[in-house]
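Engineer: Below is a structure I'd like to ask you about.
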Amino acid sequence: MNYKDLIKQLDKNLPDHIGVIMDGNGRWAKKQGAGRLWGHKNGVESVRALVEASVEIGLKYLTIYAFSTENWTRPDDEVKGLLKLILDSLINEIDSMSKQNIVVRFLGTDIGLSKEYQSKINKECQKTYNNNGLNFNIAFNYGGRLELIEGIRSIATKIQNNTLTINQINEETISQELYTANMPDPDLIIRTSGEKRLSNFLIWQSAYAEFYFTDTLWPDFRKSEFIEAILDYQKRQRRYGGTK
Ligand code: IPE
Ligand code: IPE
Ligand code: MG
């Protein structure tokens, strides 16, 4: 079925927040007899398609996993290429995204990034902060465990300063310390390329997320399959530990 027809099948029960683990760029490139960076470049086209589709269906939050804290262990030229591609793509796309009323945020740690790189990213994102459409998050230099460590340090500091008591620590206070503070938890997490793991993505936030796994490699994952994933989600029954 084509994209337009698939969209017509969606019901009102849209997820508020979709997380996407974009995986398989390297294998896609290998199949083409090309280097890994060629796969990442083509993956950017899939990101653009998903962002467009998200705006078209009125999604509130889309979070994509672009670079993990573990990805620094890849060969130097791939890391450099990825960092450059992410910044260049942001600069190229920011005006178009802003016109679509999108708010763009980077979620992750500063550790390992130069001040110059950080300020370039912040400068671009700030252009979108007056928008109020799709919230498009790019999990970049992101690791779920480091996010928790940074949050726990902040809570410990507040206790030390007597601005928080130990008994005040609850799910809400922890959620408020994470990069996703004030955002809904992901309802649906999509992972491409046949791998079935979280790889340190939104580990606290995905406690009750639904998962959609597909063998499609990321550069081949486009609008229609995105809608198919949401249709699959809409067939599920979420129970949160209760009974139906
Ligand atoms: C996902 O594709 C992109 C990033 C992790 C940045 P991979 O680069 O992991 O591709 P595979 O898994 O090696 O095929
Ligand atoms: C997860 O993919 C990270 C991103 C998509 C940015 P990886 O390819 O790095 O994950 P593993 O190594 O297969 O777990
Ligand atoms: Mg991978």
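Engineer: G43: touching a residue at least 40 places away in the same chain (Cβ under 8 Å), in a helix (DSSP H, G or I) and open to solvent by less than 20 Å² (accessible area, probe 1.4 Å), yes or no?
Structural biologist: On the way: touching a residue at least 40 places away in the same chain (Cβ under 8 Å): yes; in a helix (DSSP H, G or I): yes; open to solvent by less than 20 Å² (accessible area, probe 1.4 Å): yes.
Criteria met by G43.
Engineer: Note down all Cβ pairs under 7 Å where the first residue falls in the range 216-244 and is open to solvent by 80 Å² or more (accessible area, probe 1.4 Å), the second is basic (K, R), and they're at least six residues apart or on different chains.
Structural biologist: Q237/K244
Engineer: Find all pairs meeting these conditions: Cβ atoms under 6 angstrom apart; at least six residues apart or on different chains; first residue within the range 22-36 and at positive phi and assigned to a loop (DSSP other than H, G, I, E, B); second residue polar (S, T, N, Q) and near ligand 2 (Cβ under 10 Å from one of its atoms).
Structural biologist: The qualifying pairs are G24/T192; G24/S193.
Engineer: It is to be established whether one or more residues within the range 52-69 are surrounded by fewer than 18 Cβ atoms within 10 Å (Cβ to Cβ) and within 16 Å of ligand 1 (Cβ to nearest atom).
Structural biologist: Scanning the range 52-69, I find no residue that is surrounded by fewer than 18 Cβ atoms within 10 Å (Cβ to Cβ) and within 16 Å of ligand 1 (Cβ to nearest atom), so the answer is no.
For (1) under 27 Å from R105 (Cβ atoms); (2) within 15 Å of ligand 2 (Cβ to nearest atom), each residue gets a yes or a no:
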residue: A34; (1), (2): no, no
residue: G39; (1), (2): yes, yes
residue: R48; (1), (2): yes, no
residue: I57; (1), (2): yes, no
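Engineer: Among strands (runs of 3 or more DSSP E) lying entirely in the range 130-244, which contain 3 or more residues that are in contact with a helix residue (DSSP H, G or I) (Cβ under 8 Å, 6 or more places away or on another chain)?
Structural biologist: Details: elements: 135-142, 188-191, 210-213.
Passing ranges, in order: 135-142.
Engineer: Would you pick out the residues in the range 93-117 that are surrounded by 13 or more Cβ atoms within 10 Å (Cβ to Cβ), part of a helix (DSSP H, G or I) and out of contact with any Asp or Glu (no Cβ under 6 Å at 6 or more places or on another chain)?
Structural biologist: So the first thing to find is which residues in the range 93-117 are surrounded by 13 or more Cβ atoms within 10 Å (Cβ to Cβ), and the list is 93-94, 97-98, 100-109, 113, 117.
Those still in the list that are part of a helix (DSSP H, G or I) too: 93-94, 97-98, 117.
Correct list: E93, M97, S98, Y117.
The values are calculated or read from the model by the stated rules, or taken from the named source; none is laboratory data. Just so it is clear, the structure is predicted and the values come from calculations on it, not from any experiment. With ideal geometry, Cβ positions are generated from the backbone for all residues, glycine too; neighbour counts draw on all protein chains shown. Quick note on the areas: whole protein, heavy atoms, side chains included, nothing else; ligands and nucleic acids left out. Shrake-Rupley method; radii C 1.70, N 1.55, O 1.52, S 1.80 Å.
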